[in-house]
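Shown next, in structure tokens, is the structure this report addresses.
The values are calculated or read from the model by the stated rules, or taken from the named source; none is laboratory data. Here the structure is a predicted model, which is why all the values come from computation and not from measurement. Please note: Cβ atoms are built from the backbone with ideal geometry, for glycine as well, and neighbour counts cover all protein chains shown.
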Amino acid sequence: MRHLSSFSHILLRLAALVFALALSGMPAVAQETVEPAGPTIEIGNAVTADAEIRIRIQKIFREIDGLGQVGISVSSGVVTLNGQVEEAVLAQKAEDLVSRVAGVVAIENELTEQTAVSERLKPVIGRFETRMQQTLDYLPLVLVAGLVWVLIGLFGWFVTTRKQPWDWLTPNAFIADLLRQTVWLAFVMFGALMALDILGATAVLGTILGAVGIIGLAIGFAVKDTVENYIASILLSVRQPFQPRDFIALEGMQGFVIRLTSRATILMDIDGNHIRIPNATVFKANIVNYSRNPERRFSFELGVDADSQLHDALGICRQTLDSLDFVLKNPEPGVWIEKVGDSNVVIGVSGWINQTETDYVKARSEAIRTVKTALETAGFALPEPIYRLRFDTAAAMPVMPELEHLSGSKPAATAKPVPAAAESEVPPAAPVTNTGVDEAVLKKVDEERQQEPGTDLLSTGAEDELGARPNA
């Protein structure tokens with residue numbers, strides 16, 4: 001019996017396990033709440049009468065253009081719309097309005113779009129008439145806004161066309177004109193802002209400024225070189241690195257300054273040719289101004305024989321320069337030994353001139369002539385290069401008489417020593433030729449400037465970037 005009870009207990013446990021496994025394999029039944037597809041359909045006393053729904057929809061449609069002629073029928077909360085509308089948008093709009101009315105269960109939208117041309121044009125003509133009426137209503141306001149804009153612009157023009165205070169603010173005519181234009185533009189922009197404020201359209205100003213900014217950026221990239229030259233002209237007109245008629249060296253070219261325009265600097269070289277250099281290049285270039293300091297130094301070199309008395313030769317050069325009227329006494333002329341060559345000694349000579357009275361090229365040429373003549377008159381030879389031939393043979397070969405004239409010099413035994421000359425024995429120099437300033441090119445420069453007197457950005461006689469110019 002004990003064994004039977006144990007066996008029955010095991011069977012019961014196995015049956016319970018099988019039952020549990022069976023239950024776990026069955027799909028679970030989910031208890032989900034089903035949401036209604038639309039608004040809850042009322043029943044009983046809460047139901048809205050069909051007549052009330054129809055009257056309510058009719059009142060709404062009468063207040064909306066294009067829906068007043070729509071047919072409406074209601075049965076058990078189901079609304080049926082029929083008829084024709086001018087646009088398909090109105091049919092969808094009617095359906096949306098009906099769906100918001102309380103008590104509507106469903107909507108049957110049987111509206112069709114009007115296809116008659118005359119009927120389709122009615123809303124277009126109506127909108128056009130409305131806009132024309134709005135324009136006529138706004139016309140007096142537009143006229144007032146335009147009048148305010150013009151008055152503010154004219155006031156800005158009147159202020160900016162006066163000579164003062166612009167000439168007082170900046171002595172540079174170009175900068176003063178640029179300041180005038182900037183102030184006048186500010187007046188115009190302020191007038192436009194006031195006109196838009198009167199019209200109640202200030203929001204348009206942001207769009208306009210944005211479009212102008214984009215257009216300006218595109219134009220700036222397209223005319224980058226022109227803008228760069230214009231900005232450089234402004235900076236050059238402020239700095240004034242040179243003045244009209246100045247003789248300058250720029251980018252390997254030399255010439256007299258004619259004028260500085262808003263785009264380029266115009267020079268005239270000593271041959272009368274025009275040189276036009278972009279202002280951007282001028283602003284970044286190394287400029288040598290030969291005219292700013294009236295005193296200018298010239299220098300040259302002369303060679304004398306290696307056997308000469310160098311002290312006497314230096315004295316003759318110095319005394320000759322002192323005797324020239326166009327050479328300034330202060331600063332003093334300079335004479336020195338530059339170098340010792342293979343067959344001569346090179347002497348360096350320098351002097352100073354006043355460029356307002358003396359031409360640099362003529363003065364240097366005349367100084368070379370007079371010093372060379374003084375040295376030769378005093379007995380100093382200015383030798384040409386001498387070449388010596390050496391023959392490596394056992395016995396010295398005699399010089400053939402017929403080849404003696406090809407050696408370029410006489411034998412040492414027959415060579416005459418160069419006599420030493422004292423400074424007091426220097427003969428007077430020959431009359432000095434004209435070394436005055438060459439006015440031919442400067443006259444051409446003045447003629448060019450007179451042809452277009454108002455286009456120069458340089459100030460004649462004013463201080464430059466280094467201050468007032470020194471007097472001669």
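Tell me yes or no: at least one residue of segment 128-148 is part of a strand (DSSP E or B), modelled with pLDDT of 85 or more and among the hydrophobic types (A, V, I, L, M, F, W, C). No: segment 128-148 contains no residue that is part of a strand (DSSP E or B), modelled with pLDDT of 85 or more and among the hydrophobic types (A, V, I, L, M, F, W, C). Considering (1) over 30 Å from Ala440 (Cα atoms); (2) touching a helix residue (DSSP H, G or I) at 6+ places or on another chain (Cβ under 6 Å), the lone condition that Asp312 does not fulfil carries the number (2). Looking at Ile347, is it of a type in the set (A, V, I, L, M, F, W, C), in a strand (DSSP E or B), at negative phi and buried (at least 19 other Cβ atoms within 10 Å of the Cβ)? So Ile347 passes the test. Criterion applied to Gln114, Gln92 was being in contact (Cβ under 8 Å) with a residue 24 or more places away in the chain and not aromatic (Phe, Trp, Tyr), and the one residue passing it is Gln114.
Of the helices (runs of 4 or more DSSP H) entirely within segment 1-102, those holding at least 2 residues that are at pLDDT 85 or above and under 60 Å from the mean Cα position of the chain (by Cα) occupy 88-99.
Failed condition for Gln309, given (1) farther than 30 Å from Pro241 by Cα; (2) not assigned by TED's automatic domain parsing to the domain that holds Ala381, with all others met? With (1) farther than 30 Å from Pro241 by Cα; (2) not assigned by TED's automatic domain parsing to the domain that holds Ala381 applied to Gln309, the lone miss is (2).
When residues in segment 312-344 are screened for being under 28 Å from Phe247 (Cα atoms) and assigned to a strand (DSSP E or B), 2 of them pass. Tell me, which residue of segment 270-296 that is at pLDDT below 90 and charged (D, E, K, R) is surrounded by the fewest Cβ atoms within 10 Å (Cβ to Cβ)? Ranking the candidates gives Asp271 first.
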